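The values are calculated or read from the model by the stated rules, or taken from the named source; none is laboratory data. Nothing here was measured: the structure is a model prediction, and the numbers come from that model. Note: ideal-geometry Cβ built from the backbone for every residue, glycine included; neighbour counts use all protein chains shown.
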Amino acid sequence: MLTEQPIKEEAVVLTATGIEKAYDAPSGRLEVLRGVDLRVTRGTILAILGASGAGKSTLLNIFGTLDRPDRGTLEVRGRRVDRLRDSELAEFRARHLGFIFQFHHLLPEFTAEENVMMPMLIAGEGEAAARGRAQQVLGAVGLPERWEHRPSELSGGEAQRVAVARALVAGPELVLADEPSGNLDRRSADALHELIASLAREDHQTFVVVTHNDRLAAIADRVLILEGGRLSEPR
């Protein structure tokens, strides 16, 4: 267990209202998102499915404040993050959001422990506190004896678990995952899915996951389809 805090039922972590996003393309203005409305509560896993090019990564980037919507509002735990300045967003991401990608993006010259420490150091935490927390989270994701190993010394599944630990180390309200098991073999992918499910169930961690993986979608509390720039329930 990573936390011992009591959970308030139906605590809303993410609220998106009327999110729109378009890009200029050779053929004209391309409308990717056309009014996305969404509420995500704490301790749940939301899986977002959709065809390639539907705008899933764009939507995840907006939820993660890596991109701004053209219109609409975005709140994380009641805070209007779409109004924050760029300098404020960098600090907000470091303290309140976690990210997991298809490729782990670990820094090859650093150990697993040092990679996991990075978000806390960036957020201004001291080295001793960051190291202790990194060891705690690495133990929680099943890597208690791999702290001193570099990414090249880890299997693909182990490296992705380090990436999960890095996403969790600062205690984020929300973890955003873009095809987190897309680069893993089936056994490692299933182990990662089980880890995500246990983190949501036991530690009340909240995940929004973009995926094509039916087995990952099967562990989600809710599945939505992004089609035509809007989210809808599966038909």
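In region 44-63, the residue that is nearest to residue 206 (Cα to Cα) out of those that are surrounded by fewer than 21 Cβ atoms within 10 Å (Cβ to Cβ) and touching a helix residue (DSSP H, G or I) at 6+ places or on another chain (Cβ under 8 Å) is 44.
Could you say which residue among 24, 67 is surrounded by fewer than 17 Cβ atoms within 10 Å (Cβ to Cβ) and touching a residue at least 40 places away in the same chain (Cβ under 8 Å)? When all the criteria are applied, what remains is 67.
The residue that is surrounded by the fewest Cβ atoms within 10 Å (Cβ to Cβ), among those in region 138-175 that are in contact with a Phe, Trp or Tyr (Cβ under 9 Å, 6 or more places away or on another chain) and of a type in the set (Lys, Arg), is 150. For region 87-102, the set of residues classified as over 15 Å from residue 60 (Cβ atoms) and aromatic (Phe, Trp, Tyr) consists of 92 only. If we scan region 119-126, do we find a residue that is touching a Leu at 6+ places or on another chain (Cβ under 8 Å) and at pLDDT below 90? No, every residue in region 119-126 fails to be touching a Leu at 6+ places or on another chain (Cβ under 8 Å) and at pLDDT below 90.
Residues of region 190-235 that are among the charged types (D, E, K, R), more than 19 Å from residue 43 (Cβ to Cβ), out of contact with any strand residue (DSSP E or B) (no Cβ under 8 Å at 6 or more places or on another chain) and surrounded by 15 or more Cβ atoms within 10 Å (Cβ to Cβ): 190 alone.
Of the strands (runs of 3 or more DSSP E) lying entirely inside region 22-137, not one contains at least 2 residues that are farther than 24 Å from residue 210 by Cβ and in contact with a Phe, Trp or Tyr (Cβ under 7 Å, 6 or more places away or on another chain).
Being modelled with pLDDT of 90 or more and of a type outside the set (A, V, I, L, M) is the filter; apply it to region 70-84 and report the residue that is surrounded by the fewest Cβ atoms within 10 Å (Cβ to Cβ). If we take residues in region 70-84 being modelled with pLDDT of 90 or more and of a type outside the set (A, V, I, L, M), then 80 is surrounded by the fewest Cβ atoms within 10 Å (Cβ to Cβ). Condition test on residue 89, is it modelled with pLDDT under 90, within 30 Å of residue 139 (Cβ to Cβ), surrounded by 13 or more Cβ atoms within 10 Å (Cβ to Cβ) and among the aliphatic types (A, V, I, L, M)? Taking the combined requirement at face value, the residue does not satisfy it. Looking at (1) crowded, with 21+ Cβ neighbours inside 10 Å; (2) closer than 14 Å to residue 47 by Cα, which is the one condition that is false for residue 178? Answer for residue 178: the failing condition is (1).
Tally up the residues in region 27-43 that are surrounded by 12 or more Cβ atoms within 10 Å (Cβ to Cβ) and over 30 Å from residue 198 (Cβ atoms), please.
Residues that pass the stated criteria total 6.
Scanning region 144-158 for residues that are in contact with a Lys or Arg (Cβ under 7 Å, 6 or more places away or on another chain) and assigned to a helix (DSSP H, G or I) gives a single hit, 158.
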